[in-house]
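I have placed the structure first, in the form of structure tokens, so that the comments after it can refer back to it.
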Amino acid sequence: MIALVIWNLIAPVDLTLTFYSGMQEQIQDYFQTTGLIATLGVGLYNFGSIFGPLIGAPLSELYGRRPVYIGASVGFVIFSLGTALSPTIVSLLGCRVLAGLIGSAVFSLYGGSLSDMFTPDERGPLVALFTIVLQGAPTIGPVPSSLLGATVHWRWLMGFIAAWAAVITAVVVCLPETEATAIRRRLAKEQVDIIPKASTPIQQTKNVWSDALLTPTVMLRREPIVFWTAVYHSFVYGLLFLLLEAYPYVFNSHYSMSRQEARLVFIAPFLGNLLGVLVYFCFLKPQYEAQQRIIFIQSGGKREVSPEARLPGVILASLLTPIGMFWFAFSAHPDVHWFLPVLSGVPVGMGMTLLQLSLFNYYIDLYPTRSASVIAANTAVRNVVSAVFPSIGVPLYNYLGIRNASLLLACISCVGFPTGVVLLVYGKRLRAASRWAKQDVVDVSDTASCLDVVAPLLGHPAENTYGGTSSTSN
């Protein structure tokens, strides 16, 4: 029940990211502003989301998850309501930034909450549900707001998001704490006990904040694997926000669709998101686990599968995304029925979901003690790109033309395939040159000696998983 409440809390925070775009034309007319300024409502929300997870994670470590959940949900409700009641476009955009900043803190907590309550095997179905809402909510967001935007005023639609979040917030307030350290601290306080501390509270707080803010930056700068995979993932994720503006432009130019009708096209990428989750959990994940069992048995429990075993999902995703974009480039034409370019969104949506699931699990296996920082770095870069992409969609298609702009995006998305192949072939060498990456066992005769020859990080099991599988074997 706690997990389902958290799931329902994430849903409005993630949905409102693109829910705004369905009423963007209404807002533009209401405030008599330009299309570029109205588009900032999406980009600025993403900009606020850059910092929310970086702040939420250390706060949860210092004070527990429950206070952060409550603070994030209350703040999101307040600024969502402020968006609905904004008298000017400036105040509306300001409320959007703050709603994204405060509300996005929940994105850094849900993985830890699942780890608090469930074993890796139990987490599988729950992670599938969370993946659907995390990737699917912003994809499907324009559809309901476009359908309702034709008859319902934009203030009521934004008020609906605030009311939905307020109902969930009332339940969140009643949730218990799940983080072990916070529970022990509360029990000790109730028993008037003193817990020995290795550091003073000031030192502890400083270490927590430095780890949260500096470690992701260091990993991004010093680890080529992290940098290049984060750049590619950011581009693929940013495609969704570029297409928020490109789809209405293309389908209006070629098929005379209204902005509201063109938003319905996002049903196709959403279906692709669902198919991507099914492919991962029904095919790629069982295949990985079977390979893990075989290696574990053959080595007598002394070895585990290499992190590169996660890369087939990355390679498959890096094929699906360009296929979808090339499909869109060559099928979006007045002489071709609109249904064909609409269908091109399915492989794009599949690629987005498969890439996120496979890449984040690769990070967890590759950096057992630094996976949270690596994912935080990836998320920050991804949000920077998605904050900019909505504003460049229409200018790009205006300048290059519809087919050439789509071909450019398709060609850039092809970069992921050779990157995945290079990591698959040379991944072991790249790991050997890293301070933090997990290393392979060289020569072992028993389990004890195994831990002596591998990198020290291998001795520390991953504390979180993404996709329901553990990166270590017991």
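The values are calculated or read from the model by the stated rules, or taken from the named source; none is laboratory data. These numbers come from a predicted model, not from an experiment. Positions of Cβ are generated from backbone atoms using ideal geometry, with glycine treated the same way; all protein chains shown enter the neighbour counts. Heavy atoms of the whole protein, side chains included, go into the accessibility calculation; ligands, DNA and RNA do not. Shrake-Rupley method; radii C 1.70, N 1.55, O 1.52, S 1.80 Å.
Apolar share of the accessible surface for the chain: 68 percent from carbon plus sulfur atoms, 1.4 Å probe.
How large is the dipole of region 1-178 about the Cα centre if only Lys and Arg carry +1 and Asp and Glu carry -1, each at its Cβ, rounded to the nearest 20 debye?
Numbers: 5 positive and 8 negative charges, 53 e Å.
Roughly 260 debye for region 1-178.
Measuring nothing but how far apart in sequence close Cα pairs (under 8 Å, 6+ apart) lie, relative to its length, region 237-365 scores a relative contact order of 35 percent.
Below 8 Å between Cα atoms, with a sequence gap of 6+, how large is the relative contact order for region 1-178 in percent? If you can, show how the numbers build up before the last one.
Details: 244 pairs, mean separation 72.4, N = 178.
RCO, region 1-178: 41 percent.
Apply 1/(1 + (r/R0)^6) to the Cβ-Cβ distance of Phe296 and Phe339, taking R0 = 51 Å, and write down the FRET efficiency to the nearest 0.05.
Details: r = 48 Å, r/R0 = 0.94.
Taking R0 as 51 Å, the efficiency between Phe296 and Phe339 is 0.60.
Based on the Cβ-Cβ distance from Ile37 to Asn252, what FRET efficiency comes out when R0 is 22 Å, to the nearest 0.05? Efficiency, rounded to the nearest 0.05: 0.65. Rg and Dmax, both from the Cα atoms of region 117-172 and both in Å, are 15.5, 47. Using a cutoff of 8 angstrom between alpha carbon atoms and counting only pairs six or more residues apart, the relative contact order for the chain works out to 21 percent. Angle between the Cα long axis of helix 311-331 and the longest principal axis of the chain, 0 to 90 degrees, nearest 10? Its long axis makes an angle of about 10 degrees. Site pair Leu147 and Arg222 shows an inter-label distance of 5.1 nm when each label is modelled 7 Å from Cα along Cα→Cβ.
Quick check for you: with a 1.4 Å probe and neighbouring chains kept, what is the accessible area per residue of region 368-419, in Å²? Display every interim value, and only then the final one.
Working: 2090 Å² over 52 residues.
Result: 40 Å² of accessible area for each residue.
Taking the Cα centre of the chain as the origin, how large is its charge dipole in debye, to the nearest 20, when only Lys and Arg (+1) and Asp and Glu (-1) carry charge on their Cβ atoms?
Details: 28 positive and 25 negative charges, 112 e Å.
Its charge dipole is roughly 540 debye.
With θ taken as phi - 60° and the Karplus curve 6.51 cos²θ - 1.76 cosθ + 1.60 applied, the whole-hertz 3J(HN,Hα) list for region 332-340 is 6, 8, x, 7, 9, 4, 4, 5, 5 Hz, x standing for glycine and proline. Only lysine pairs 8 or more places apart, or on different chains, with alpha-carbon atoms under 22 angstrom apart are counted in the chain, and they number 8.
Working from label points 7 Å from Cα in the Cα-to-Cβ sense, the Arg155 to Asp116 distance is 3.9 nm.
Against the set (1) 40; (2) 30; (3) 27, the structure's computed percent of Cα pairs over 36 Å apart falls on (2).
Counted residue by residue at 0.36 nm each, then reduced by the alpha carbon distance between them, the extension gain from Thr181 to Arg403 reaches 74.4 nm. Taking θ as phi - 60° and the Karplus parameters 6.51, -1.76 and 1.60, the scalar couplings of region 282-288 work out to 9, 10, 5, 5, x, 5, 5 Hz in sequence order, x denoting glycine and proline. Remark: region 35-42, residue by residue, has Karplus-estimated 3J(HN,Hα) of x, 5, 5, 5, 5, 4, x, 7 Hz, where x stands for each Gly or Pro and the curve is 6.51 cos²θ - 1.76 cosθ + 1.60 at θ = phi - 60°.
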